[in-house]
Every structure is written in structure tokens, then in C-alpha cells.
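Q: Before I ask anything, let me first share the structure, which is written out below as C-alpha cells.
The values are calculated or read from the model by the stated rules, or taken from the named source; none is laboratory data. What you see is a predicted model; the values in this text were computed from it and never measured. Quick reminder, even Gly has a Cβ in these numbers, built from the backbone with ideal geometry, and neighbours come from all protein chains shown. The protein model used for the area step is the full one, side chains on, heavy atoms only, and it has no ligands, DNA or RNA in it. Shrake-Rupley method; radii C 1.70, N 1.55, O 1.52, S 1.80 Å.
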Amino acid sequence: MSNPTPAAGAAPVEAPTGDAPILWTPPKARAEASEMARFRRWLAAERDLDFDAYHPLWQWSVSDLAGFWSAIRDYFDLGVSAPGEAVIDREVMPGAHWFPGARLNFADQIWRHVAGDPDRPALLWRAETEAGTLTRRELAAKAAALAANLKAMGVQRGDRVAAILPNRPESQIAFLATASIGAVWSLCSPDMGRTAILDRFRQITPKVLIAADGYVHGGKAVDRMKTVSDIAGELPGLERLVIVGHLPDPAPRPPHAVDWGPLLEGAEGPPETEQVDADHPLWIVYSSGTTGNPKPIVHGHAGILMEGMKFGLHMDLSERDTFMWLTASGWIMWNTQLMPLLRGATVATFDGAPARPDMGEVWRFAGRSGVTCFGAGAAYLTACLKDGVRPRETADLSALRTVSATGSPLPPEAYDWVYDAVSPDIWLAPISGGTDIAGAFVGGNPELPVRSGEMQCRWLGMAVEAWDEAGNPMIDQVGELVCTKPTPAMPLFFWGDEDGSRLHESYFDTWPGVWRHGDWIRITPSGGAVIYGRSDATINRRGLRLGSSEIYRAVEALDEVVDSLVVDLEFLGRESWMPLFVVTREGVALDDALKDRIRTSIRESVSARFLPDEIVAMPEVPRTLSGKKLEVPVKKLLLGAAPETAANRDSLANPDALDAYVAFAEAHRAKAR
């Protein structure tokens, strides 16, 4: 049964209001040369739609879904073998079908760039022990050879090809080969635990598994052959295991394993693609799986193609660009790296420890690669700020035009750091979306000014609003992030969710027919957006509610604190209790003086209402593979949940970090008895 109000309750009432200061305004020449400006001019010329500002363009894009998405298709000249008559069959969520009757293949949009300039780099890559370049011609040829070999292994349209690979060219080659033949791709990072990988791949029963024998991180070679062999042995229906060699001296391979290298030889590309229905599955990605079995989220060829082209529009990407996002292969941003290839851009990938030999190495690689658009998790940029990194002084960033971030809210201090330490003439364009939609709800626009701590706009085609607990839209107040209209990149379904109940419960159970994303958001008066963190990790102090990011901003502004985590425990018949866990800089003790400075910072930056009941030193903050803090699992531990049910350790980037919280929870409950 549907709940008429959000489970998290009312929105915070003490959030900042009004527009933040402008940090950067695009020069007129840059704004007019942007992809967004070209799109607006095309709409005027081809559709007789004249928009002199972004907000009316956005309003049109969410009120005329068929008109907007057909414009994306036609503006980018997206080839389909049978266009279909309708853009959308019905505007409902869930259940809308996009481009019914159309036939296409996502990979075709990438392969169309090969003929124009086959020797242009498609991938520039760097791992800890080697680096290299793949041209468009080379990428296409290797994908064509692998596609033919997958077919020879019996892989057909709709079969699943799973992979355990790092963010290196092998993963992109394998995806493009899989997509080209109409098979369904799914990827896990090689540093994920055995149980976490099995929890994902068992649900989708792959026919072929492609896995690295190991990886190198922080100068340490990690052999994964035994783990890979065990995983392969426990996957029902698996017919072939392909091993990609990364280690000089790995453990013996299973006798039935196939070597990766010969599978890439003897073909010229691009591969001949299988034309599939618009809603044919392209890939399967997963929810974080921190509190239960990960949800296998299925996206389709047409939806991801449309969202990918729109990503290029909002991020101002074209063939002139080199795009880099600092990501592991287990995060949705690995998938997002494929979007610039749709526009003919070059993609630079970095695999390894970002702090080796120091935090400036990522920036130096970006400079050497001529990166024009650089993105990373917000946690990486704030870590650079904390460490005093000044990329403009240590790397040649003359080609860099754009910096972006996602994964968690980027605080205003990090905005200031980018303009001071990276470049005063940079477009800072953070985005916020999710694995669920393989894209962004809010983010950048190359024609708009950048305001401190704000994302510039709601993205085209995204009917995003901030709702109060009664379902009323609000401006300049913090509420639940909802999307009131369907978009092509929303999940087709969850794999194995035959009746759609898991999908409905995940997004539509609060307000039927309306997507509830689970984030706090404020739409600013100028049309920008601020994300305040997950709404299910809300701080509730005597009826006043606040997103946890506000407290993190205050606490982590102190030089002595490198990380923090806060939860609020609400008990029936008792007052709430809010502990704050902090990680201090090496050599710094959490003494009474530092605790007082933390309280003062919260009091002055947030409110005295949100002072913690206890401040506790911890060695680490547990995080998901995509860098999100484990607020809800820690909250469950403190409320008495068993450790094995509170969080799935194999889904964490640093599973051992949870031990200290388990011990603290046990001690706290014993003291409270």
C-alpha cells in the first residue's frame, strides 16, 4: 500500500535561502559557441521554437516530451533502421515505452565516427604499471574481433556477458563488442568482494564471464585468480570464462579458461551491429547493495543513447574534446565515460591509486593528455582541498575548460578551491543524478553563470521538483527530489522482478506515478539546485530536519578533521540521540579543545539546534564503492541491527572500517541497558 507522505518526513527548515554569489560567468564567445547555443539556434530554425533563456527551454522540454526527445534524435541525426511512429506511447511512470517500433544499436553512434578520422585517439589510458593509446580504428577492430568470438562462443541477442575488469581499455572493448551483437553487459570492479560480485551476477545468469587475473593498486599487485575461479564455479549457466592478463606472475588459470589476447586479433572494424528494439536491454547496473541484495537495474539502447547525447549537450562535448572522469569500474560514472564517445570525443582513463605518488598525479595525467573536461567524485576534490593541492602550479592544464563532480554534494569551499587552485577561468559544472537513471537530474549549462555551492539548472527533459511532505512543489525550500514526468533513461525493469513490485517500491511507493529519488534538493530562485544529501539519512532535532551535508561542511572545514559521519537516532518514547564520528588528521588527537572547535563550527555554520550529543574519534568513515558515506547502515547498527544485516561488507570500498562502528554500537547498547 502506498504511503501518502515520505518516509523521511518533512524537509529541513533551516537551510540557506536565496541565490548564492556568482563565481564565474561564461564569456559571450564561449556561450555562443556552446553545444547548447547551437541546439537553441537549431530549434529556432528547424522547429520554429525560439527560446531566449534557459528556463523557458527547460519548461518546454518537460511539458512537450515527444517534441523535446524527437528534437534530440533529429538534432544529433541518430540513425535508426526503423524510426517508429511515436516518441512515447503514454506518459506514465512506470510503464512508458519510448520510440516503440524503432530499431537501432547504441554502438552505431560510436562507430559512425571511425570513418571520419580513424587515427584520432579514442582512448588514452594510464594504469600504475603501463599506459597507452587506442585509436578509433584500433578500438573498432578489437571490438569487431571480440564480437565475432563472442558469437562463436554461442552468445546471442539478449544473453548476458558479465565482466570483472578495471577501468582500462579491456572493459570498453568488451562492452562495445557485447552491445554491438545485442547481448547485455554487466560490470563489476575487480576489487569488489567475492560475495558482492556473486550477489550481482547470480541474479542475471551470464553466459560468458570476462575477468582480470588481478590488478595493481598503490604499488601492490593483487592476484584474483582464485576468487575469479570460485566465482565462475558458482554462476549458474556460465559457459565460458575469459581471462585478461594484467599481472606478470598470476596464479594458475583454470584449464577451461580462454585467453583474452587472441580474441582481439584478425578483424577490421567496426563490427557489424545487431539492430534491436528501442527498449532492448543494453546493460545491467546495480544499486549499492549496502543493506540487502543489490537491485539489478536494466537500461535500454534508445534510453541510454538519448541520455548520452543530452549529456554531451549539457557538458558541451564534441569531437574537439578529451574527457576524463576519475572513476572505478564499479561506479555508474564508468558507464558515463562512454557518453563522450557518442560525440566523437577522446576519453582518458586513470586506473590506480589517485594519491600515488601524490594527489597531484591525476591532474598531471590530465594535463599530459590534453583533457578539456575533467570530473571526479566530490570527495576527491575536497581531499585535494584538504591536502593543499594546487594543480595549476604542478600540471599543464592549458587545455582544461570544464571541471565537474558528483557522488556527494560539493561544498562551497570546494568551489572556491577550484577557482583558486585550478583556474579562475574554468566552468565548474557539478552534476547530480544516479545509477538508477544513468544520468543527471541537475547539473551544468555552458550558457549560465556558476554560483557558489549550486548546480546551475535542472537538466532538459527532467521534470524535477522539490516537494514537501504533502506533495506540494516548493521553490527556495528544501524538499524531496521528485521527477514528475518519465524520461528515456529510467530503468526498463529490474532483472528478475517479474511483477515490477521491486521497481515500484524503490521509486513510486511514496507518490504513485511520481519518481521519488531519495535526495533532499532545493530549487533556487534563479533556477539552480542544491543537493543536501540522502533524505533517508536526515537529521531530525526536535522537529527540525536537516540534510547531513550541512553538518559535514561545518565539521570538515576544520583543518584537523579529514572526514566525518553523523547519524540521528530517533527512539519511541525517548529523545533522539545524535553522535558525530570524526576522522582527524594524522597526529591530531580528538581532545576537548578540538571538540569545542567542532561544536563552535556547527553552531556558527548550521545552528545550535544541530549540535551532536557525542563526538567520537574513528579511524575511517565507511563508504560505498562510489564514495557515499554509510549513514543508514551505521544508523541501523546503533539501533540494534545485527552487523550482517545492517550492511553488506563486500559492497564497501573499505569494509574493515565498519568494525569500529560495530564495536561502538555494542558498547553503546551495553551502557544504555
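Q: Let me know the charge dipole size of region 526-673 about its Cα centre in debye, to the nearest 20, where only the beta-carbon of Lys, Arg (+1) and Asp, Glu (-1) is charged.
A: Here the size comes out at about 580 debye.
Q: In addition: Go through region 364-380 residue by residue and turn each phi into a ³J(HN,Hα) via Karplus (6.51, -1.76, 1.60, θ = phi - 60°); whole Hz please, and just put x for glycine and proline.
A: 5, 4, 4, x, 4, 8, x, 4, 9, 10, 10, x, 7, x, 4, 4, 5
Q: Report for region 235-392 the percent antiparallel among DSSP-assigned beta bridges with both residues inside it, nearest 5.
A: If I count the DSSP bridges inside region 235-392, around 40 percent turn out antiparallel.
Q: For region 250-347, which GluC sites (Glu not before Pro) pass both filters: DSSP loop (anything but H, G, I, E, B) and at most 14 other C-beta atoms within 10 Å?
A: Sparse-neighbourhood loop GluC sites (Glu not before Pro): 265, 268, 272, 319.
Q: Residue 184: accessible area at probe 1.4 Å, nearest 10 Å²?
A: Rounded to the nearest 10, the figure is 0 Å².
Q: Moving on to the next point. Once you have the Cα-Cα distance between residue 151 and residue 560, take 0.36 nm times their residue separation minus that, and quote the gain in nm to one decimal.
A: Computed gain between residue 151 and residue 560 is 141.6 nm.
Q: Then there's this: Please list, in chain and number order, the residues 5+ apart from residue 300 or on another chain whose amide H is under 5 Å from its amide H, with Hs placed from the backbone.
A: Result for residue 300 returns 282, 492.
Q: Under a 1.4 Å probe, what is the accessible area of the chain per residue, stated in Å²?
A: Per-residue value: 37 Å².
Q: Multiplying the sequence separation of residue 588 and residue 425 by 0.36 nm and subtracting their Cα-Cα distance, what value in nm do you get?
A: Full extension of this stretch gives 55.1 nm more.
Q: Using the scaling law 2.2 N^0.38 Å as the reference, what is the normalised Cα Rg of the chain?
A: The value comes to 0.93.
Q: Can you compute the radius of gyration and Dmax for region 230-370, using only the Cα atoms, both in Å?
A: Both quantities, over Cα of region 230-370: 18.6, 49 Å.
Q: Between region 183-216 and region 240-305, what is the separation of their alpha carbon centroids in Å?
A: Region 183-216 and region 240-305 have Cα centres spaced 9 Å from each other.
Q: Hey, for a label at residue 608 modelled as a point 7 Å past Cα toward Cβ, could you say which residues of region 548-566 have their backbone N under 14 Å away?
A: It comes to no residues whatsoever.
Q: Would you grab the residues whose amide H sits under 5 Å from the one on residue 103? Only those 5+ places off in sequence or on another chain, please, with H modelled 1.01 Å from N.
A: Under 5 Å from the amide H of residue 103 lie the amide H atoms of 81, 82, each far enough along the sequence or on another chain.
Q: Which of the listed residues, 242, 94, 326, is farthest toward the dipole's positive end in the chain, when Lys, Arg count +1 and Asp, Glu count -1 at the beta-carbon?
A: Positive-end residue among those listed: 242.
Q: Still on this model: Contour minus end-to-end for residue 671 and residue 91, with contour as 0.36 nm per residue of separation and end-to-end as the Cα-Cα distance?
A: Gain in length upon complete extension: 203.4 nm.
Q: Taking amide hydrogens as modeled 1.01 Å from N in the peptide plane, which residues meet the under 5 Å criterion relative to residue 182, leaving out close sequence neighbours?
A: Those lying under 5 Å, H to H, from residue 182 are 274.
Q: Shifting gears a bit: Over 5 Å intervals from 0, what percent of Cα-Cα pairs in region 387-434 sits in each interval?
A: Cα pair-distance distribution for region 387-434, in percent: 5, 19, 31, 24, 14, 6, 1.
Q: Can I ask one more? Binned at 10 Å from 0, what are the whole-percent values of the Cα-Cα distance distribution for region 293-333, short to long?
A: 20, 44, 31, 5, 0
Q: Under 14 Å from a point 7 Å along the Cα-to-Cβ line of residue 205: which residues of region 230-248 have their amide N that close?
A: Flagged as within label range: 235-239.
Q: According to the square roots a ≥ b ≥ c of the eigenvalues of the Cα gyration tensor, what is the shape class of region 112-214, taking rounded for a/c under 1.5, prolate for a/b larger than b/c otherwise, and oblate for the remainder?
A: Since a/c reaches 1.5 but b/c is at least a/b, the shape of region 112-214 is classed as oblate.
Q: Another question, then. What Kirkwood Rh does region 161-280 have if only Cα atoms enter the pairwise 1/r average? Answer in Å.
A: Over region 161-280, the inverse of the mean reciprocal pair distance is 15.0 Å.
Q: Here is a follow-up. Any of 295/485; 151/207; 310/485; 151/226; 635/671 with alpha carbons more than 20 Å apart? Name them for me.
A: As for pairs spanning more than 20 Å Cα to Cα, those are 295/485; 151/226.
Q: If you don't mind, another one. Which value at 222 nm does the chain reach when only helices count, each DSSP H run of 4 or more adding -39,500 (n - 2.57), with the total divided by all residues and rounded to the nearest 500 deg cm²/dmol?
A: -8000 deg cm²/dmol
Q: Per residue of region 145-159, in order, report the coupling 6.51 cos²θ - 1.76 cosθ + 1.60 (Karplus, θ = phi - 60°) as ³J(HN,Hα) in whole Hz, putting x for Gly and Pro.
A: 5, 5, 4, 5, 6, 4, 4, 5, 7, x, 6, 10, 3, x, 5
Q: Could you run the Debye sum over the Cα atoms of region 31-103, one equal point scatterer each and no solvent, and tell me log10 of I(q)/I(0) at q = 0.15, 0.16, 0.25, 0.27 Å⁻¹, two decimals?
A: Listed by q, the Debye log ratios stand at -0.58, -0.65, -1.18, -1.26.
Q: I need the shape label for region 485-568. Rule: rounded when a/c is under 1.5, else prolate if a/b > b/c, else oblate, with a, b, c from the alpha carbon gyration tensor.
A: Prolate shape, in that a/c is at least 1.5 and a/b is the bigger ratio.
Q: Now for a separate question. Compute the distance from the alpha-carbon center of region 591-644 to that of region 337-391, in whole Å.
A: That distance is 29 Å.
Q: Positive end of the charge dipole of the chain (Lys, Arg +1 and Asp, Glu -1 on Cβ, about the Cα centre): tell me which of 665, 443, 60 has its Cα farthest that way.
A: Going by the charge dipole, the pick is 665.
Q: Just check region 409-452 against the gyration tensor rule for me: Cα atoms, a ≥ b ≥ c as the square roots of the eigenvalues, rounded for a/c under 1.5, and otherwise prolate or oblate depending on whether a/b exceeds b/c.
A: Because a/c hits 1.5 or more and a/b exceeds b/c, region 409-452 counts as prolate.
Q: Step through the residues of region 557-564 one at a time and calculate ³J(HN,Hα) from phi using the Karplus curve (6.51 cos²θ - 1.76 cosθ + 1.60, θ = phi - 60°), rounding each to whole Hz and writing x for Gly and Pro.
A: My calculation for region 557-564 gives 6, 6, 4, 6, 10, 9, 6, 7 Hz in order.
Q: Same structure again: How much of the accessible area of the chain, in percent, comes from carbon and sulfur atoms when a 1.4 Å probe is used?
A: 48
Q: So the label point goes 7 Å from the Cα of residue 356 along Cα→C-beta, right? Which residues of region 127-156 then have their backbone N under 18 Å from it?
A: 127-132
Q: Across 5 Å bins from the origin, how do the percents of Cα pairs in region 411-486 run, short distances first?
A: 3, 14, 21, 22, 18, 12, 7, 3, 1
Q: Work out the length of the dipole vector of region 69-201 about its Cα centre, built from +1 on the beta-carbon of each Lys and Arg and -1 on the beta-carbon of each Asp and Glu, and round it to the nearest 20 debye.
A: Roughly 280 debye, rounded to the nearest 20.
Q: Then there is this: Could you give the dipole magnitude of the chain about its Cα centre, charging the beta-carbon of Lys and Arg +1 and that of Asp and Glu -1, in debye to the nearest 20?
A: For the chain, the charge dipole is close to 360 debye.
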